[in-house]
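Notes follow the structure.
The values are calculated or read from the model by the stated rules, or taken from the named source; none is laboratory data. What you are looking at is a predicted structure, and each value in this text was computed from that prediction instead of being measured. Please note: Cβ atoms are built from the backbone with ideal geometry, for glycine as well, and neighbour counts cover all protein chains shown.
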Amino acid sequence: MDDKMFEERLSGLKQAYEEMPDRLNAQEITRGIIGKEGKKRRFRYMSLPAAASFAGVVLIGGLLSFQMMKHPESSPGEGKPGIMQQEQHPPAKEQIKEKAEEAKAYYSNLLEVLKKKLNNEDAGLYPFVQEANEAIAKFENQPFANEKELDTQSEKLKEKIESHVSTIDEQMAGLQKKAEKGETVSDEELLLLLSKQDQMYERYNEKWEVISGQATADMENFESAIASMNDGTYGNKELQPIVTEIRKAGYRFFDAGEGMINIQPDYTWPKKMLGGRISASFSDWSDLSLNSPFLADNSVKSYPDLAERLVELEEFTLKNPNFGRMEEVKMVYRNLLQNYILKGFFDPNIKSPSPEFTASIEKMRQNASESETYKSIAPLYQKYKEGTLQKGEKVKISSALQTSIPENVSPAYLLPLTAQMKDQYGELKASKDGQASISEGPYLGSMSSQQAVALRMYFYAVLNKDYDIAYILTDQKKSKAEFIQEAEKAEPEYKSLNHKVRYISTESSQSEEGLTIIELYSSEGKEKTFSIKDNQLILRQ
């Protein structure tokens, strides 16, 4: 190819480029340039020497680079940001705010739906719902590297809002769809489901206790009634809707002793519903929750089974130190071990340990002599054989198996209030008399003491800015204006406590008569202490 032909080709390439629109991608530019030369020319071009081909490629690359430099903000499509800007430039504050507002609107819409489904205007006070609200606030204030990251995180936020601001059965339905696609359900999703069961337990238990007397009237078919409630074949048409609602939320019915049927979270439910689409650690934990080795009155069904369960819990704890509910696992281990020792060595109904109990220790020695569980039990067993074991002597638990949660605490959530507590709160507002409006209990669906209910009402009043009622529930030693100022400052802390608190202890003071001490605990340990004086339901700050 002579110089003249080469110049003509370069001129053709230049003309083809100048006639193209500004906004084209690489493929369109190439088609346009080649198309200008016609089919015959294109064939000749493909057979040109390498030097000419290389020159054409270099020219196309240069033209593309020029186009991107000339229009960095443009990309194919009307008015859309260019690729380089999307990948290299952080989004504007207005863009982040727009995405945050979309998330807030989505959250508000789902919350209104949730309130109607639960028939509870305070549904937004559930900690699992508050987590979605906190995620929006975090999103609004975090930086993003580029618009692509903003879009990605915005979609993830929407998914989080959807999973958190939903009922238990709605979330399970979503997880089942995921499992049907062959996807593995994450521990995070499963732990959220279990948290909902824990936090909504009072709601479902209260509904059950209102009607449970009707279900236990026929004692001849007691066991079969429980079985039919759990397998979905319960025939009482009047009670069936509530029984079905409770089962769909992942709770099970069980024999609570003395002719009573109660409900509890069925921690095996997710595994049954999702099959093999859960992690090995969650599957193992679910198996450990299958069969309780205790009767309803806390007496031991089988010492060998209980000894085996203790070793299994130890193995699970040591194998899965980062499991999301590890503190609960350790609490179960502690309670089971203490019951094993207490019932085995110190049962007041028998003079000496049963042969079954001592045989279970011997079996543990043979099969798990190196376990921390056996090492904890062995010293007591040796003292028993020597006749030196002191009544009530406690077992020492290995540090690796100890929980940060103290003994003598009860599972508890602060808000929302149960329906019965909410009714009493309304009476309190009407009467302005804290002592007269809060009953001693018991409260349907809840194990809260009278003092704990007063504390929960106090939290409810502060978080709803109902300062007149909150003030009534204090000793009123401060002026009302001063109290309101301090209550406003305390509101963020109370929101945090409502989110974090999982356990509560209530004890009478040893140093001051009539004083009740209430301690609130999260999974990390003690969070805050409150006092109530003389059972008069007046909180002291």
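Quick one: which helices (runs of 4 or more DSSP H) sit completely within region 164-279 and have at least 2 residues that are within 26 Å of Asp423 (Cβ to Cβ) and not aromatic (Phe, Trp, Tyr)?
Helices (runs of 4 or more DSSP H) meeting the threshold: 187-199, 201-215, 240-248.
Taking region 90-132 as the region of interest, how many residues are in contact (Cβ under 8 Å) with a residue 40 or more places away in the chain, charged (D, E, K, R) and under 26 Å from Tyr413 (Cα atoms)?
Residues that pass the stated criteria total 3.
Among the numbered conditions (1) among the β-branched types (Val, Ile, Thr); (2) modelled with pLDDT of 95 or more; (3) over 22 Å from Glu370 (Cα atoms), tell me where Thr317 comes up short.
Checking Thr317 against (1) among the β-branched types (Val, Ile, Thr); (2) modelled with pLDDT of 95 or more; (3) over 22 Å from Glu370 (Cα atoms), the one that fails is (3).
Residues to consider are Glu386, Glu370, Glu362; find the one that is assigned by TED's automatic domain parsing to the domain that holds Lys330 and either in contact (Cβ under 8 Å) with a residue 12 or more places away in the chain or under 17 Å from Glu315 (Cβ atoms) (or both).
Sole residue among the options that is assigned by TED's automatic domain parsing to the domain that holds Lys330 and either in contact (Cβ under 8 Å) with a residue 12 or more places away in the chain or under 17 Å from Glu315 (Cβ atoms) (or both): Glu370.
Could you list, in sequence order, all residues of region 356-394 that are β-branched (Val, Ile, Thr) and either closer than 21 Å to Lys301 by Cα or in contact with a strand residue (DSSP E or B) (Cβ under 7 Å, 6 or more places away or on another chain) (or both)?
Across region 356-394, the qualifying residues are Thr358, Ile361, Thr373, Ile377.
Restricting attention to region 458-466, does a residue exist that is surrounded by fewer than 14 Cβ atoms within 10 Å (Cβ to Cβ), in contact with a helix residue (DSSP H, G or I) (Cβ under 7 Å, 6 or more places away or on another chain) and either touching a residue at least 60 places away in the same chain (Cβ under 8 Å) or not in a strand (DSSP E or B) (or both)?
no
Please enumerate the residues belonging to region 389-401 that are among the β-branched types (Val, Ile, Thr) and either without any contact (Cβ under 8 Å) to a residue 60 or more places away in the chain or in contact with a His (Cβ under 7 Å, 6 or more places away or on another chain) (or both).
Within region 389-401, just Val395 meets the criteria.
Hey, among Ala487, Ala481, which residue is exposed (fewer than 12 other Cβ atoms within 10 Å of the Cβ), small (Gly, Ala, Ser) and assigned to a helix (DSSP H, G or I)?
Ala481
Name every residue in region 139-169 that is in contact with a Leu (Cβ under 9 Å, 6 or more places away or on another chain) and of a type outside the set (Phe, Trp, Tyr), in order of residue number.
The answer is Ile161, Glu162, Ser163, His164, Val165, Ser166, Thr167, Ile168.
Is it fair to say Glu482 is over 33 Å from the mean Cα position of the chain (by Cα) and either more than 23 Å from Glu427 (Cβ to Cβ) or in contact (Cβ under 8 Å) with a residue 40 or more places away in the chain (or both)?
yes
Tell me which of these Glu189 doesn't satisfy, since it passes every other one: (1) more than 23 Å from Tyr251 (Cα to Cα); (2) surrounded by 15 or more Cβ atoms within 10 Å (Cβ to Cβ).
(1)
Asn464 versus (1) of a type outside the set (Lys, Arg); (2) at pLDDT below 90; (3) closer than 30 Å to Glu134 by Cα: which is the lone unmet condition?
Among (1) of a type outside the set (Lys, Arg); (2) at pLDDT below 90; (3) closer than 30 Å to Glu134 by Cα, Asn464 violates only (2).
So, in region 168-214, of the ones that are of a type in the set (Gly, Ala, Ser) and within 14 Å of the chain's Cα centre (by Cα), which residue ends up nearest to Lys500 (Cα to Cα)?
Ser195
Which one of these does Leu380 not meet: (1) assigned by TED's automatic domain parsing to the domain that holds Leu336; (2) in contact (Cβ under 8 Å) with a residue 24 or more places away in the chain; (3) assigned to a loop (DSSP other than H, G, I, E, B)?
Going through the list (1) assigned by TED's automatic domain parsing to the domain that holds Leu336; (2) in contact (Cβ under 8 Å) with a residue 24 or more places away in the chain; (3) assigned to a loop (DSSP other than H, G, I, E, B), Leu380 breaks only (3).
Would you please name the residue that is surrounded by the most Cβ atoms within 10 Å (Cβ to Cβ), looking only at residues in region 402-447 that are of a type in the set (Gly, Ala, Ser), in a loop (DSSP other than H, G, I, E, B) and free of Cβ contacts under 8 Å to residues at least 40 places away in the same chain?
Among residues in region 402-447 that are of a type in the set (Gly, Ala, Ser), in a loop (DSSP other than H, G, I, E, B) and free of Cβ contacts under 8 Å to residues at least 40 places away in the same chain, the one surrounded by the most Cβ atoms within 10 Å (Cβ to Cβ) is Gly441.
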